[in-house]
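To start, the structure itself, in structure tokens.
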Amino acid sequence: MRIVEYQKDTTSLNYRVLQGLGVISAFFSLIIAALMIANNLSLKKTDPIHSPALLKLKNDLNTDRNNEALREEIRELDLLTRQAFFTSQRFNRLAIYMLVGGLVVMVGAFKALEAYKAKFPYPDGRDPKDDIIENAAWARKSVTYAGLVMVGFALILALPWQTTLDQKTVTTVIDVEGSAVVAGPAGPEFKPANAEAGPQPAPAPAVPVVVASRAEMLQNWPGLRGAAAGIVNEGDMPTEWDGEKGTGIIWKKEIPLPGFNSPIVWNDRIFLSGGDQSKRQVYCYSVDKGDLLWTYDVTGIEGSPDKAPKVSADTGYAAATMTTDGTRVFAIFSTGDLVALDFEGKKVWARNVGVPENPYGHGSSLELHKDILLVQYDQEEHSFFAGLNVGTGKDRWRVDRDFGPSWASPTVVRSGDKTEVILSAEPDVVSYDPETGKQLWHVECLEGGEVAPSPVFAEGKIFAACDYVAVVAIDAETHKQLWRNEDLIPGVSTPIVTKGMMFGGMNDGGMFCMDVTTGEEVWYEDTDDGFYASPLLVGDRVYLMDREGVMHIFETTKEFKSVSKNALGEASVCTPAVLGGNIYCRGVKHLFRIGT
């Protein structure tokens, strides 16, 4: 006979409560783990772009362009698929916290049962191989180990998954004329992803840098939608051309590598970038004859990934539009590589800001405020907004952002003596001081969708759009939401405002005019193809390029009045640049100069 020194006091209320808590939390953890596994298996098959049913409907629409019921069915199915995709992603993140919490409670409860012992030893006359305490300990350890194995299996499925958005397609091209993201290692100047949130000041530059004046910016086309947010201060502009016949085309030049960024123009030079899985490049063309003056290969940057990340073919490796301060040109790629070059193609500085991670890839275009380069980098986790010294590439400030992926670009708003920069990301529109990165205000109004259009400032209002959610108007002074329209939504294209009206194009086709005071529809004009490029305002006319490369020119009136429709001769998703009465368009393969 053995003497077992102590026996669990299994009759007390506390013991039974702890025991029940441990069992419940164990079952809870197992259920969450099972749901995570099922969700991730489903998520790997979910693809909001390449859904077979959606692709079939789109093919059907190509043969029946006037079928409005079919268009509506496509929009509804596309919305449901995308919402399911992002809901699954959000569940993954929440489930991980729930799973870890359940396991912590389970282990803690079972461990606490050790404290409940009887006060006196008792004789145990049964077979000595029945050791109650050892058996109980083995049972608890078994449950714990089984739970941890299940957790590991669930996390293995949850964390490194890759979506089918990485599959190549030849059906559509998604423009990301405004967007951004980051995950992975931070660049040498950026703080680690887990650094304390808030603006992070950096030392002022030792040597002052020279940048162009505001007047010089307005005389050129230094970034996406130009220096005046799509408003063209030109005289006569061409209204008739035919890219297939060559009519009205001054020159047409092949671009070595693909890219969805728009051209920028400064005096006699045009800049754009391209990239594929093996290399990324910056190009400089002459305005006069379209000669390729130089090519810069983006290589040898510290922190750059050895292997290029997988990206969706709808975004590619060079989606973000470049910018220039008149002395340097700046370009960013899907690898997180950010470079500054002089006008002769020599490197000024370069750095890697982390490999962006989001469902489509990086697309947020670069923006400037004086001598500060603005970088919006919204992604699945560890999003940030940074202001860099244009001369050195070092941080002037950095703000961590608690938002998911966004494909919108920063919009610098100048109103009187006040300047602020507006960013859009699901679910908020946020304003920052471009000098310090300090947050000024925010409005929650874009929850539940994907944000690609950049914010627009006009007539005392901020306008923002979120695909499949709404277009909203915010009072620029009170920061109150004035109205929202959930029917006419530019999903990618950034609209333009003039004469109390907003003009824009929709992803799946259709141009619209909206009253900016009430948000009500003024007119809607159906089109064969959708719009990713943003409209430009030239006097009393709007120039808006559809995805097939057809430029729609119409009057800024309360009734739709077409001026002309002109084919580029190849597909295009990029916003044109305008300078000196000429239009510079990037197609999928060529750069065009259109003029008289």
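Some notes on this structure:
- Label positions at A34 and E559, each projected 7 Å from the Cα along the C-beta direction, are separated by 6.6 nm.
- Of every Cα-Cα pair in segment 353-506, the percent that sits beyond 28 Å: 15 percent
- With 0.36 nm allotted per residue and the present C-alpha distance subtracted, the V210-D306 stretch has 31.1 nm of extension available.
- Accessible area per residue (1.4 Å probe, heavy atoms of protein chains only) ranks D288, D337 as D288, D337, with the largest value leading.
- Under-5 Å amide H pairs with H369, H placed in peptide plane, nonlocal only: L374
- Shown here: segment 333-384, whose C-alpha atoms stretch 36, 22, 15 Å along the first, second and third principal axes, sorted largest to smallest.
- A probe of 1.4 angstrom, applied to the heavy atoms of all protein chains, finds L218 with accessible area near 80 square angstrom.
- Rounded accessible area of K307 (nearest 10 Å², 1.4 Å probe): 150 Å²
- Flagged links, alpha-carbon separation over 23 Å, of K245/K565; K279/K370; K279/K394: K279/K370; K279/K394
- In units of the rule-of-thumb radius 2.2 N^0.38 Å, segment 210-256 shows an alpha carbon radius of gyration of 1.55.
- Ranked by the mean number of other Cβ atoms within 10 Å of their residues, highest first, the peptides 572-580, 339-347, 269-277 fall in the order 572-580, 269-277, 339-347.
- Per-pair calculated FRET efficiency, R0 = 41 Å: Q277 and E73 via Cβ, rounded to 0.05: 0.70
- Over all other residues within a Cβ to Cβ distance under 13 Å of M514, the charged ones net out to -3, with Lys and Arg as +1 and Asp and Glu as -1.
- Length gained when the stretch L94-T295 is fully extended (0.36 nm per residue, less Cα-Cα span): 67.8 nm
- GluC sites (Glu not before Pro) within segment 217-274, DSSP loop, no more than 15 other Cβ atoms inside 10 Å: E234, E240, E244
- Amide H contacts of A313 (H built 1.01 Å from N, under 5 Å, at least 5 apart or other chain): T169
- Per residue, the convex hull around the alpha carbon atoms of segment 543-596 comes to 86 Å³.
- Charge tally around L341: other residues with Cβ under 10 Å, Lys/Arg +1 each, Asp/Glu -1 each, net +1.
- Among the protein heavy atoms, those of H442 account for about 100 Å² of accessible surface (1.4 Å probe, every chain in place).
- Distance between the pseudo-spin-label points of V104 and D417 (7 Å out from Cα toward the beta carbon): 5.1 nm.
- Applying the Karplus relation 6.51 cos²θ - 1.76 cosθ + 1.60 with θ = phi - 60° to segment 366-383 yields 3J(HN,Hα) values of 7, 9, 10, 9, 6, 9, 10, 8, 9, 10, 8, 9, 8, 8, 4, 9, 6, 5 Hz, where x marks Gly and Pro.
- Cα-based radius of gyration of segment 507-596 once divided by 2.2 N^0.38 Å, which approximates compact folds: 1.10
- Working note: Cα gyration tensor of segment 407-469, eigenvalues times five, square-rooted, sorted largest first, giving semi-axes of 20, 12, 9 Å.
- With a 1.4 Å probe rolled over the protein heavy atoms of all chains, the accessible area of H382, H552, H590 falls in the order H382, H590, H552, largest first.
- Annotation: amide H-H contacts under 5 Å for S383 (H modelled 1.01 Å from N, sequence separation of 5 or more, or interchain): R401, F403.
The values are calculated or read from the model by the stated rules, or taken from the named source; none is laboratory data. Bear in mind that the values here come from a model prediction, so they are computed numbers and not experimental data. Positions of Cβ are backbone-derived with ideal geometry, glycine not excepted, and every protein chain shown enters the neighbour counts. Just the protein is used for accessible areas: all its heavy atoms, side chains included, with ligands, DNA and RNA removed. Shrake-Rupley method; radii C 1.70, N 1.55, O 1.52, S 1.80 Å.
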